[in-house]
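Engineer: Before I ask anything, let me first share the structure, which is written out below as structure tokens.
The values are calculated or read from the model by the stated rules, or taken from the named source; none is laboratory data. This structure is a prediction, so every number in the text was calculated from the model and none was measured. Note: ideal-geometry Cβ built from the backbone for every residue, glycine included; neighbour counts use all protein chains shown. Heavy atoms of the whole protein, side chains included, go into the accessibility calculation; ligands, DNA and RNA do not. Shrake-Rupley method; radii C 1.70, N 1.55, O 1.52, S 1.80 Å.
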Amino acid sequence: MLDTVYPGWDESLDWSLLLERESFFYLVLSAAATLCFCCCGSCLPGYADSRLRIPRFHLRQNAVRAGAAFFSAPEIKE
């Protein structure tokens with residue numbers, strides 16, 4: 001099936017490097033999985049906001065508010 005779309009695809013990539021070195025194969029596999037999960041992680045919040053109407057927990061905004069409360073001087077009422 002790939003030969004009809006891209007003839008010579010099997011010679012364009014050095015498969016022996018991936019097949020002979022098991023650790024390199026797992027490195028490439030984990031990098032591809034990380035890229036896939038990052039893409040899914042960036043698409044799902046938009047889907048939850050637009051279609052499902054689920055409110056999200058915004059970690060960055062809450063961390064900024066907590067940092068401001070932690071590092072600011074307390075108000076003293078007289």
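Engineer: Return the residues of the range 3-42 that are assigned to a helix (DSSP H, G or I), more than 30 Å from ARG56 (Cβ to Cβ) and small (Gly, Ala, Ser); say none if nothing qualifies.
Structural biologist: SER12, SER16, SER23
Engineer: Looking at the range 47-68, which of its residues are surrounded by 10 or more Cβ atoms within 10 Å (Cβ to Cβ) and in a helix (DSSP H, G or I)?
Structural biologist: TYR47, ALA48, ASP49, ASN62, ALA63, VAL64, ARG65, ALA66, GLY67 - these are the residues of the range 47-68 that are surrounded by 10 or more Cβ atoms within 10 Å (Cβ to Cβ) and in a helix (DSSP H, G or I).
Engineer: Of the conditions (1) open to solvent by 100 Å² or more (accessible area, probe 1.4 Å); (2) at positive phi, LEU27 clears all except one; give me its number.
Structural biologist: (2)
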